[in-house]
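The values are calculated or read from the model by the stated rules, or taken from the named source; none is laboratory data. Being a predicted model, the structure only gives us computed values, none of them experimental. Virtual Cβ from ideal backbone geometry, glycine too; neighbours counted across all protein chains shown. Side chains are part of the model used for accessible areas, which takes the heavy atoms of the whole protein and leaves out ligands, DNA and RNA. Shrake-Rupley method; radii C 1.70, N 1.55, O 1.52, S 1.80 Å.
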Amino acid sequence: MTATLNSVFSINSTTVMQPYWTASIFFAMHKIDFFYSKSNVLTCTVDSIPLHSKYDPIREAEQFSASVKCDFIPSSILIVEPGIGYCIEFLKKTFPQSTIYILRFTHEFDKFNNTCPTIYCEKDALEVENEIFNLFGEEKLCQTLFLAWRASNSCFPEKNTIAWEGIKQAISKGNSILATRSFFSKRWLYNSFKIIENLDNYLILRKISKPVVITASGPSLQGMICQIKASRKKMFLLALSSSLSVLLYNGIIPDAILSTDGGYFASNHLKKLSQTKNIPLIIGIEGYCFSHILKKSNICPLLINDSVAQSVKSKCNFPTVDPNGTVSGTALQVARLLTDSFIFFCGLDLEIGKGFQHSSPNENELQNSLHDNRLRSQENRIVSSMKASISLDIYRNWFSSLPIDMAKNVFRVSDNYPFKNNLKNIKDVGKAFFKSALSKENDKFENPFEKSVLKNKKELLNDLLKIITTDDFCYKLNPLKKVQIEKSLDENRRNMLRNELYEETTQFINKIKERFFH
């Protein structure tokens, strides 16, 4: 009996406590005792608190599973620390169409994972959020039922709090991204057709040896202007479109501009492209830009992995990046394509501050100020912009969760700006470090752009059209409605949603044909 127990639990010692066999494990200040219940089934306590029934843990698990109610069809179920996991088999019977996942507080129960995919709560809520989101993605996440094994809260109160905070943040993130995708998907696709239609020549990227400095538009950028000027020739300066007006106002011409935003508001930041020298524009294939700028500027289109426009990848050599909710995250990927040297962020504040949320001048602020009056004053508008943003939390968490290899040689630099957040593997440095790192570089300009001719424009447009006229395209056009259809228990509601989706898709396809294939 002792040998069997050791082989099951991989523990070092067992002792006899009549009438049960027991074993104790210590981890993170918790003592776990395994022993046999009155029904002769293995059970356990954590710090003397029962994690399972001392009498009949299987009956307890069956009752738990029977008590679970769900008002939608879950594609997945994640149960938080089910211990020995007797409930898993019962859940599989209750929800045969669902995949069961486990969130563990300790590896000591790994023997009972029962082939279920498993993640762990080991550090903080951010880690749990990222693990869950990476495991499910936004669509599957919004179709997942989250369950708590009730005794886990009593046995592991700290871990339980962290786990559910991470789950809450992951759900919020998933809902936000799914809503954004569904709201902007038609605009993004329309932008893709528009960009390709207006391209005759385009730019592709190649490596350079110089460090890349990325300017975002946070207030901390202001303190770095003088140092950027002083070291200007020793870097490749990549300006996020929102920071362009700040640089030009201070007499700084960036080496390239990056824009990925798909909404019309993004065009404000690009207006100055038609008023200054021809600065190369690196633009996400789904980004918004005026046609006259696309025709007259040097454009480097970025394909986005998993986007519909990626279908043309085999017929062009546009650089490719992974999807990212923030232009700053895309900028880091572009910088990685450009250099193996240092990458510096200036103005990457990622926080809500008092007063203006961006360095000045800012094109959107200038545009908004035109509508200020006594009833809708600038002060009220600024106060409103100071409210917390879910999107800003998502951006900050993305940078904070970057693994060491992706954050290597990446720094956030400022002139002693009091950041309210820590980006973990991206270290904060001052002007002295920045100046010292750049001082070793020469002043010779390195051009990372190579010109290319788009000879198969019509073919690319036709390929995109074929994609959007396939039967399953409607689900990509509105993923939120797709999730609603798959979750619904009501067949009539599913049919109604399908009809709405097909009508929405048909209208969009007709619009594309009328605009680009007349």
State whether one or more residues within the range 313-326 are aliphatic (A, V, I, L, M), more than 17 Å from Leu244 (Cα to Cα) and out of contact with any His (no Cβ under 8 Å at 6 or more places or on another chain).
-> yes
Got at least one residue in the range 224-237 being part of a loop (DSSP other than H, G, I, E, B), of a type in the set (A, V, I, L, M, F, W, C) and open to solvent by 10 Å² or more (accessible area, probe 1.4 Å)?
-> no
Residue among Lys476, Lys481 that is over 27 Å from Leu199 (Cα atoms), in a helix (DSSP H, G or I) and in contact with a helix residue (DSSP H, G or I) (Cβ under 8 Å, 6 or more places away or on another chain) = Lys481
Just give me the residues in the range 103-146 being aromatic (Phe, Trp, Tyr) and under 24 Å from Phe72 (Cα atoms), in sequence order.
-> Phe133, Phe136, Phe146
Among Ile58, Ile73, Ile100, which is in contact (Cβ under 8 Å) with a residue 12 or more places away in the chain, in a strand (DSSP E or B) and either open to solvent by 10 Å² or more (accessible area, probe 1.4 Å) or touching a Lys or Arg at 6+ places or on another chain (Cβ under 9 Å) (or both)?
-> Ile100
Return the residue satisfying two criteria in turn: it lies in the range 421-439 and is part of a loop (DSSP other than H, G, I, E, B) and touching a residue at least 60 places away in the same chain (Cβ under 8 Å), and of such residues it is most open to solvent (accessible area, probe 1.4 Å).
-> Asn421
Mind telling me which of the residues Asn114, Asn130 ends up being open to solvent by 10 Å² or more (accessible area, probe 1.4 Å) and closer than 28 Å to Ile49 by Cβ?
-> Asn114
Hits in the range 238-257 - residues which are among the hydrophobic types (A, V, I, L, M, F, W, C) and part of a helix (DSSP H, G or I) = Leu244, Val246, Leu247, Leu248
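A quick yes/no check of all residues on (1) in contact with a strand residue (DSSP E or B) (Cβ under 8 Å, 6 or more places away or on another chain); (2) farther than 30 Å from Ile132 by Cα; (3) open to solvent by 80 Å² or more (accessible area, probe 1.4 Å):
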| residue | (1), (2), (3) |
| --- | --- |
| Ile404 | no, no, yes |
| Phe419 | yes, no, no |
| Glu441 | no, yes, no |
| Pro448 | yes, yes, no |
| Leu454 | yes, yes, no |
| Leu460 | no, yes, no |
| Ile467 | no, yes, no |
| Ile485 | no, no, no |
| Arg494 | no, no, no |
Qualifying residue in the range 258-269 (condition: under 19 Å from Glu197 (Cβ atoms) and either part of a strand (DSSP E or B) or among the basic types (Lys, Arg) (or both)) = yes
Looking at (1) assigned to a strand (DSSP E or B); (2) at pLDDT below 85; (3) hydrophobic (A, V, I, L, M, F, W, C), which is the one condition that is false for Cys300?
-> (2)
Search result, residues across the range 254-270 that are in contact with a Ser or Thr (Cβ under 8 Å, 6 or more places away or on another chain) and within 19 Å of Leu203 (Cα to Cα) = Pro254, Ile257, Leu258, Ser259, Thr260, Leu270
Pairs under 6 Å by beta carbon, first residue touching a residue at least 60 places away in the same chain (Cβ under 8 Å) and hydroxyl-bearing (Ser, Thr, Tyr) in the range 167-187, partner assigned to a helix (DSSP H, G or I) and open to solvent by less than 60 Å² (accessible area, probe 1.4 Å), six or more apart or different chains?
-> Ser182/Pro479; Ser185/Leu477
In the range 27-47, what residues are out of contact with any His (no Cβ under 9 Å at 6 or more places or on another chain), outside any strand (DSSP E or B) and farther than 21 Å from Ala148 by Cβ?
-> Met29, Lys38, Ser39, Asn40
Just one of (1) under 30 Å from Ser245 (Cβ atoms); (2) not in a helix (DSSP H, G or I) trips up Leu147, so point out which.
-> (1)
For Asn298, which of the numbered conditions (1) open to solvent by 40 Å² or more (accessible area, probe 1.4 Å); (2) without any contact (Cβ under 8 Å) to a residue 60 or more places away in the chain fails to hold?
-> (2)
Looking across the range 238-263 at residues that are hydrophobic (A, V, I, L, M, F, W, C) and open to solvent by 20 Å² or more (accessible area, probe 1.4 Å), the single one that is modelled with the highest pLDDT is Ile253
Condition set open to solvent by less than 20 Å² (accessible area, probe 1.4 Å) and in a loop (DSSP other than H, G, I, E, B), scope the range 320-349, selection nearest to Ile177 (Cα to Cα): answer is Thr326
